[in-house]
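The structure appears right after this line, and notes come after that.
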Amino acid sequence: SVHMRKPPTLAPVVPTPFARACYEGHVEVVKMLLADARINIFESHTKEKLFVLHTACKGGLVEVVKALLEDGRINPNEWNKQGITPLHSACIFKQVECVKTLLACDRVDPTTKSIRGGTVLHRACLEGFTEIVTLLVQDERIDMNTQDAMGATPLHAACMEGRVEITKILLQHPKIDLTIKDCRVGTPLHCACTEGNLEILKVLLQHENIDPTCFSGPGKTLLHCCCLFGKTEIAKVLLLDPRCDPNAKNPAGDTPLYCASSEGHKEIVQLLLHDSRVDPEIKNSNDETPIHGACQGGNYVSIIKMLLVDNRININARRADNSTALHTICSKGHVALLKMFLDHPAIDVT
């Protein structure tokens, strides 16, 4: 038989005396060790750098945090191995008193970003920490409109996550900018629409500087976002706002009705068709109307039924390549749709 050797027993990693004092919250011991020139406050037994300020903030050890901040050797804005600052650590673990202590220190820069590009205000908005957000927006050093690596502001974060109270707090700030677009969906309004955050949308629409006609980075209006993602309740609110144009085109020339039809969102199609402002015959850059989009998008029987009974719609409309919706149905083999078209009195089968 083969002799199996036992793996070597590893000695447990024991924190240094200084680290242990910090972690246990023994502030007087921490102060004594900080004053001893022989103590290397940054080195652990594994020779890796210690981040005692981060750990103290994470644990809510306020007095230890104060003692460490008084030592000029400790950089209060330094990243730890996770790429966050002590202020981020305090925020993530909702240590409000530690956040207050850090903000009161002149050496702490609350605008320092994490390795992912977000500030502590971004993080507080994402997590829904209302009390911490309130503290941060009162700090004059904070830039309300700072953007992370994806171009999102703290307001984007709040709108994306449905943080209603935090959104209200941010909107009260005199320097808030509602027009900034991120790299993903556009303005904070677009975030609210894309995620279906109805209460956030209502709050935003009440702001005096809001523009509900704005386009996203990819060129979509708020209604386009609703129609693409099937956010029916959001669409209802937007259609009640006289500032919204239900016939606006995206860069491809698609209207909201075309988007809803091609994506199969029946309820939104119904809403739009019942709005007297909507023109169901507007063509996109390929000369396609919503009935082309519905036939191209899939076997959307209920949507096509609604379009066929609307006497404003020309079911024989031709695309730029001279094909009709009937061509699409035949090429895709949709038997049920073909029967509906053949039964329509206005169909041109030639």
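The values are calculated or read from the model by the stated rules, or taken from the named source; none is laboratory data. Since the model is a prediction, treat every value here as computed from it, not as a measurement. FYI the Cβ positions are ideal-geometry reconstructions off the backbone, even for glycines, and counts take in every protein chain you see.
Residues in region 274-316 that are among the aliphatic types (A, V, I, L, M) and in contact with a Pro (Cβ under 6 Å, 6 or more places away or on another chain): V278, I313. In the set (1) surrounded by fewer than 24 Cβ atoms within 10 Å (Cβ to Cβ); (2) in contact with an Asp or Glu (Cβ under 9 Å, 6 or more places away or on another chain), the condition left unmet by T153 is number (1).
Rundown of residues vs (1) assigned to a loop (DSSP other than H, G, I, E, B); (2) closer than 30 Å to G196 by Cβ; (3) over 30 Å from the mean Cα position of the chain (by Cα), yes/no style:
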residue	(1), (2), (3)
I282	yes, yes, yes
Q296	no, yes, yes
M306	no, yes, yes
I347	yes, no, yes
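Taking A104, is it crowded, with 18+ Cβ neighbours inside 10 Å and of a type outside the set (F, W, Y)? When the stated conditions are applied, A104 does not pass them. Considered as a group, the residues in region 245-265 that are surrounded by fewer than 19 Cβ atoms within 10 Å (Cβ to Cβ) and more than 17 Å from S216 (Cβ to Cβ) include one that is nearest to the chain's Cα centre (by Cα), and that residue is G264. L271 meets all of the listed conditions (1) aliphatic (A, V, I, L, M); (2) buried (at least 24 other Cβ atoms within 10 Å of the Cβ); (3) in the same structural domain as F341 (by TED's automatic domain parsing) but one, namely (2).
Residue-level analysis places N40 outside the set of residues that are assigned to a loop (DSSP other than H, G, I, E, B) and modelled with pLDDT of 95 or more. The single residue among E195, E263 that is in contact with a Leu (Cβ under 7 Å, 6 or more places away or on another chain) and acidic (D, E) turns out to be E263. Checking each residue in region 98-128 for being within 20 Å of the chain's Cα centre (by Cα), aliphatic (A, V, I, L, M) and not in a loop (DSSP other than H, G, I, E, B) picks out V120, L121, A124, L126. Does at least one position in region 57-65 carry a residue that is over 22 Å from K94 (Cβ atoms), assigned to a helix (DSSP H, G or I) and at pLDDT 90 or above? No, region 57-65 contains no residue that is over 22 Å from K94 (Cβ atoms), assigned to a helix (DSSP H, G or I) and at pLDDT 90 or above. Filtering region 68-84 to residues that are buried (at least 21 other Cβ atoms within 10 Å of the Cβ) and within 22 Å of the chain's Cα centre (by Cα) leaves only I84. If the condition is being surrounded by fewer than 18 Cβ atoms within 10 Å (Cβ to Cβ) and among the hydroxyl-bearing types (S, T, Y), then region 312-350 contributes S323, S331, T350. For Y300, the test of being buried (at least 16 other Cβ atoms within 10 Å of the Cβ) and either modelled with pLDDT under 95 or over 24 Å from G196 (Cα atoms) (or both) is passed.
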